[in-house]
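The values are calculated or read from the model by the stated rules, or taken from the named source; none is laboratory data. All of these numbers come straight from a predicted model, not from anything done at the bench. Every residue, glycine among them, receives a Cβ derived from its backbone with ideal geometry; neighbour counts consider all protein chains shown. Quick note on the areas: whole protein, heavy atoms, side chains included, nothing else; ligands and nucleic acids left out. Shrake-Rupley method; radii C 1.70, N 1.55, O 1.52, S 1.80 Å.
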Amino acid sequence: MKSNPLRRLLFCGLTALVAVFPAFDQALAKEVPPPPPFGPWLENLKADAVRRGVSAETLNRALGRIKPIPRVIELDRRQPEFTLTLSSYFKKAISTKRIEQGKVLLKRHAGLLSKVEAKFGVQPRFLVAFWGLESNFGTYTGTFSVAGALVTLAHDRRRAKFFREQLLSVLELMDKGHIPVDVKGSWAGAMGNHQFIPTTYKGYAVDFDSDGKRDLWGSLPDIFASAANYLSRSGWQGDKTWGREVRIPAGFDIGLTGMSVRKRLIEWNKLGVRQTNGKPLPNADIGASLMVPAGYKGPAFLVYKNYRTILVWNRSHLYALAVGHLADRLVGKGPLKTPPPVADVPLSRADIRALQTLLNSRGLDTGAPDGVMGPKTRAAVRAFQKTTGLPPDGYATKELIMILRETP
Ligand code: CA
């Protein structure tokens, strides 16, 4: 990670964005009504908190002088102009420095990490990889007042319901003494070494050092155990890995790529998919999907059940691949055998909107054009590629938009 704090913030913000908002794409397309008058709104919120058992004293300390933070609204409205390519994402997320730091930390905390693994069944390399991506190993956990940020976003109308729940949850945690009322976090209220949003904190954080607090800042036992508990309860399989880079044979049916196709390793073997060293895939009863995140010319990955669990944590495929690959690098595996194509020009939001409009006009439904590459748009890209005899990898490029424009 670059040391420049602005770049760091932008990068953290981008990864957090997809993690936090389930309805992000839809929310972008809607008009936002003005927020209600702040004073009465706050009183109503406090009454809700009291009904949940939060004490008047906690409410006074947490919300006594609270005001909406304009900068939070600004960050919430910001729409990154360009999408990230696999190559630019990996460059930032998996720097040599981060790999080296991660290796040192994996060794330093080996004893604690293996205790956590014994209890929750999540391998140490993954816990350290999440840690690196979420907060650069605890060195960047956010600078916004969490109460202030969540009040701002709950008062604003864009995702009021979601953030009201986050705010009420954080007030409960403050009331029980797990976190201080002046706690700092991301502009969207994500907290601690693994950037948990309050409902995740409330549901999954663990007091692993038994001091009565679930401390995701100062207690490494709590930090690792909480991440492991969340993963474990989201379906993590501790005896399996996340997936692997593979080699696909010439003439392979690219239509078999994507998360909707799932086959056993033995079936992928029959189709000619191999380990990157050319050897057959392990003869294990594992279901896997084949991913080509940078298109059919880039690296190919078979991804397992744990990859889907990483997507529960953060639904971005680039994030999930980065966690898996960083975890591999921490235990000495090498860089990608097929590096992602660096020449790929990232698409702008305007490009994606144009792409969506072109696809819609051909009856390939992408929903209302919102400039965000989601599963529906990828499926429509695949469908178009199939009808024109292009390898259907669902990967959109400038070239593809040109072809769409020129194809009758
Ligand atoms: Ca504790």
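Data for the structure
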| item | result |
| --- | --- |
| Single residue of VAL18, VAL72 found to be assigned to a helix (DSSP H, G or I), at pLDDT below 75 and open to solvent by less than 60 Å² (accessible area, probe 1.4 Å) | VAL18 |
| Matching residues in region 79-109 - criterion: being free of Cβ contacts under 8 Å to residues at least 12 places away in the same chain and over 18 Å from the mean Cα position of the chain (by Cα) | THR96, GLU100, VAL104, LYS107, ARG108 |
| Matching entry among LEU167, LEU173 (being within 16 Å of the ligand (Cβ to nearest atom) and more than 17 Å from THR143 (Cβ to Cβ)) | LEU173 |
| Count - residues of region 255-279 that are under 26 Å from the mean Cα position of the chain (by Cα) and assigned to a loop (DSSP other than H, G, I, E, B) | 5 |
| Residues located in region 51-69, provided they are of a type in the set (A, V, I, L, M, F, W, C) and surrounded by 14 or more Cβ atoms within 10 Å (Cβ to Cβ) | VAL54, LEU59, ALA62, LEU63, ILE66, ILE69 |
| Total residues in region 87-109, condition within 19 Å of TRP313 (Cβ to Cβ) and open to solvent by less than 50 Å² (accessible area, probe 1.4 Å) | 6 |
| Filter result for GLY287 (closer than 30 Å to PHE384 by Cβ, open to solvent by 10 Å² or more (accessible area, probe 1.4 Å) and modelled with pLDDT of 95 or more) | yes |
| Residue count, region 365-380 (criterion: in contact with a helix residue (DSSP H, G or I) (Cβ under 6 Å, 6 or more places away or on another chain), surrounded by fewer than 18 Cβ atoms within 10 Å (Cβ to Cβ) and under 16 Å from SER316 (Cα atoms)) | 1 |
| Flag if GLY235 is in contact with a strand residue (DSSP E or B) (Cβ under 6 Å, 6 or more places away or on another chain), away from the ligand (no atom under 12 Å from the Cβ) and modelled with pLDDT of 95 or more | no |
| Members of region 280-310 that are aliphatic (A, V, I, L, M) and in a loop (DSSP other than H, G, I, E, B) | LEU281, ALA284, ILE286, VAL292, ALA294 |
| Residue within region 332-351 that is among the β-branched types (Val, Ile, Thr), modelled with pLDDT of 95 or more and not in a strand (DSSP E or B) present | no |
| Hits in region 330-361 (condition: touching a helix residue (DSSP H, G or I) at 6+ places or on another chain (Cβ under 6 Å), open to solvent by 50 Å² or more (accessible area, probe 1.4 Å) and farther than 23 Å from VAL381 by Cα) | VAL331 |
| Residues satisfying the stated conditions in region 110-155, i.e. at negative phi, surrounded by 19 or more Cβ atoms within 10 Å (Cβ to Cβ) and not in a helix (DSSP H, G or I) | VAL122, GLN123, THR141, PHE144, SER145 |
| Residues that are crowded, with 19+ Cβ neighbours inside 10 Å and acidic (Asp, Glu), drawn from region 157-191 | ASP175 |
| Hits in region 179-226 - residues which are under 23 Å from the mean Cα position of the chain (by Cα), within 14 Å of the ligand (Cβ to nearest atom) and hydrophobic (A, V, I, L, M, F, W, C) | ALA205, VAL206, LEU216, TRP217, LEU220, ILE223, PHE224, ALA225 |
| Any hit, region 249-261, residues being touching a Leu at 6+ places or on another chain (Cβ under 6 Å) and surrounded by 19 or more Cβ atoms within 10 Å (Cβ to Cβ) | yes |
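Residue-by-condition table, conditions (1) part of a strand (DSSP E or B); (2) assigned by TED's automatic domain parsing to the domain that holds ALA284; (3) aliphatic (A, V, I, L, M):
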{"site": "GLY218", "(1), (2), (3)": "no, no, no"}
{"site": "ALA228", "(1), (2), (3)": "no, no, yes"}
{"site": "GLY235", "(1), (2), (3)": "no, no, no"}
{"site": "PRO249", "(1), (2), (3)": "no, yes, no"}
{"site": "PHE252", "(1), (2), (3)": "no, yes, no"}
